Amino acid sequence: MMLHGTTGVQTHFNAIAQYAKAHELRVSIVEPHQINFWLRKIHGVVGRLLNRVNREWGVLFNRFVSHRFLKSLLRNALIKSQDNSIVIYAQDPLSAKVAIDLRKEGFQFRLVSVIHFNISEALEYVEKGIAKENGKLWRSLMANERKVLPKLDQVVFVSYFMQQVVGARLPGLTGVPQTVISNFILSLKDNSVSSIDVSGDMIAIGTLEARKNQAFLLRLLAECNAMGKRYNLTVVGDGPDRAALEQQVANLGLTGQVKFLGYQPDAASLIPGHKAFVHASRMESQGIVLLEALRAAVPVFAAPVGGIPEVFDDGQEGSYLNLDDPRDAARKIISILDDQQKWQYMSLCAQKTYTNRFHPDLLGKRWINTLLGMTS
């Protein structure tokens, strides 16, 4: 991934980097897009052609080339830093593999990796419709996990749920030091205000793709209409499902109630203008956007899947949704949005939970100590 973009992964490693720099640590972010411009162009053209023929081949080719690019760039960064104690913090198993390959060349460093994926990288590609279960891409991704993760010096999980899931799949991981630490996000700056003036009842942030399940939110909105409650929804993010979702808005009679804002570079700054944060993903290792909602003191409505129950409690900072029952979800939304006292209680709980559990002053030091291998 590039330094900035739409994912929680980018939010995470930029937060870590900023916190570390603020505490006088030298930080470099190395990623494949930093390679020579013409090499990137050739890679991009070949990758797009392969994707037209076979999307699995396209991903495998991209991973092969990204490995080579990242290995060259990381090698150069290590050469420049050999007079210092070095920690490599890998954001995915492929990046960790690059580091392990460089160890064979004699470079010395501490290698830590975080688990960002939901269940497994292979499953994520299946849910995107790119890979087939037990197909070539699936087997490649699973094999890389098995080979790489047990060779780490430290593995970090952002939820106990993911620690259990990955541990059950990879018995070889039992010998690797493990830590569970929540993601954290940096506090909004006073001048962090979006150029878009938008407010409303509900907001959803995420890539518009099947696994994020925004179609459920549109059905929820339609159920609210059927119950005589007309709310509006702001949808932030872009992706392959946008056209289908826009058509569903028309089909459900929601025209004028849903705003599609596309990708917004500072999407979190839009949350405070809304009364509820709604999230319909069927699986999350944790969900950084939920932490952003808590920071904004906005109640969260999401399904209790994956690591989400470790973020908020039903009836406190928000409410759990049944993703198989949009009518029941609509009732829950209405019961909060139409009751100012309940909403205020949840808003205060959200703010308190963020301050007491997810604030960078609490978690930042834990992350840095873990990365450095310090026990305190």
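Computed from the coordinates by the stated procedures, all read-outs in this text should not be read as laboratory data. Please read all numbers here as calculations on a predicted model, not as lab measurements. Here the Cβ positions follow ideal geometry from the backbone for every residue, glycine too, while neighbour counts run over all protein chains shown.
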**Request:** With only Lys, Arg, Asp and Glu charged, each at its Cβ (+1 for the first two, -1 for the last two), find how big the charge dipole of the chain is about the Cα centre; round to the nearest 20 debye.
**Result:** 1280 debye
**Request:** Taking the Cβ of each residue in 43, 116 as the centre, tally the other Cβ atoms inside 10 Å and list the residues starting with the fewest.
**Result:** 43, 116
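Work out the count of Lys pairs in segment 200-358 where the Cα-Cα distance is under 16 Å, with the pair 8 or more places apart or on different chains. Write out the running numbers ahead of the final one.
On the way: 229/275; 229/332; 259/275; 275/332; 275/342; 332/342; 342/352.
For segment 200-358, the number of qualifying lysine pairs is 7.
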**Message:** Can you compute log10 of I(q)/I(0) for the chain with the Debye formula, treating each Cα as one identical point scatterer, at q = 0.07, 0.08, 0.10 Å⁻¹?
**Reply:** -0.33, -0.44, -0.69
**Request:** Have a look at the DSSP beta bridges in the chain and tell me what percent are antiparallel, nearest 5.
**Result:** 5 percent
**Message:** Can you give the longest run of the chain that contains no trypsin sites (Lys or Arg not before Pro) sitting in a DSSP loop with at most 16 other Cβ atoms inside 10 Å?
**Reply:** 283-376
**Asked** Counting Lys and Arg as +1 and Asp and Glu as -1, what is the net charge of the other residues whose Cβ lies under 12 Å from the Cβ of residue 28?
**Response** +2
**Message:** Can you sort 260, 64 from fewest to most other Cβ atoms within 10 Å of each residue's own Cβ?
**Reply:** 64, 260
**residue 340 paired with residue 7, simple spin-label distance in nm, labels 7 Å along Cα-to-beta-carbon** = 4.4 nm
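Let me have the 222 nm mean residue ellipticity of the chain computed from DSSP H runs of 4+ only, each contributing -39500 (n - 2.57), with the sum over all residues rounded to the nearest 500.
That calculation yields -14000 deg cm²/dmol at 222 nm.
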**Request:** Could you give the size of the charge dipole of segment 93-185 about its Cα centre, using +1 on the Cβ of each K and R and -1 on the Cβ of each D and E, expressed in debye and rounded to the nearest 20?
**Result:** 280 debye
**Request:** Would you mind estimating how fast segment 273-350 diffuses translationally, via Stokes-Einstein at 37 °C and 0.692 mPa s with the Kirkwood radius over Cα pairs, in µm²/s?
**Result:** 269 µm²/s
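Listing 203, 79, 185, 100 from the residue with the fewest other Cβ atoms within 10 Å to the one with the most, what is the order? Present the calculation step by step, with values, prior to reporting the outcome.
On the way: 203 29, 79 9, 185 22, 100 16.
Ascending Cβ contact count within 10 Å gives the list 79, 100, 185, 203.
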**Request:** Using every pair of alpha-carbon atoms in segment 1-42, split the distances into 5 Å bins beginning at 0 and state the percent of pairs per bin, rounded to integers.
**Result:** 5, 21, 21, 21, 16, 10, 5, 1
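Rounded to the nearest 20 debye, what is the charge dipole size of segment 200-358 about its Cα centre when +1 sits on each Lys and Arg Cβ and -1 on each Asp and Glu Cβ? Please report the intermediate quantities before stating the final value.
Values: 16 positive and 18 negative charges, 48 e Å.
Approximately 240 debye in magnitude.
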**Message:** Binning at 5 angstrom from zero up to the longest distance, how are the C-alpha pair distances of segment 200-358 distributed in percent?
**Reply:** 2, 10, 20, 24, 23, 14, 6, 1, 0
**Prompt:** List the lysines whose alpha-carbon lies under 26 Å from that of residue 80, not counting same-chain residues fewer than 8 positions away?
**Reply:** 21, 71, 97, 104, 151
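Any idea what % of Cα-Cα pairs in segment 13-151 are farther than 18 Å?
Working: 5903 of 9591 pairs.
Above the 18 Å cut-off, segment 13-151 has 62 percent of its Cα pairs.
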**Prompt:** How much of the DSSP beta bridge set in segment 200-358 is antiparallel, as a percent to the nearest 5?
**Reply:** 5 percent
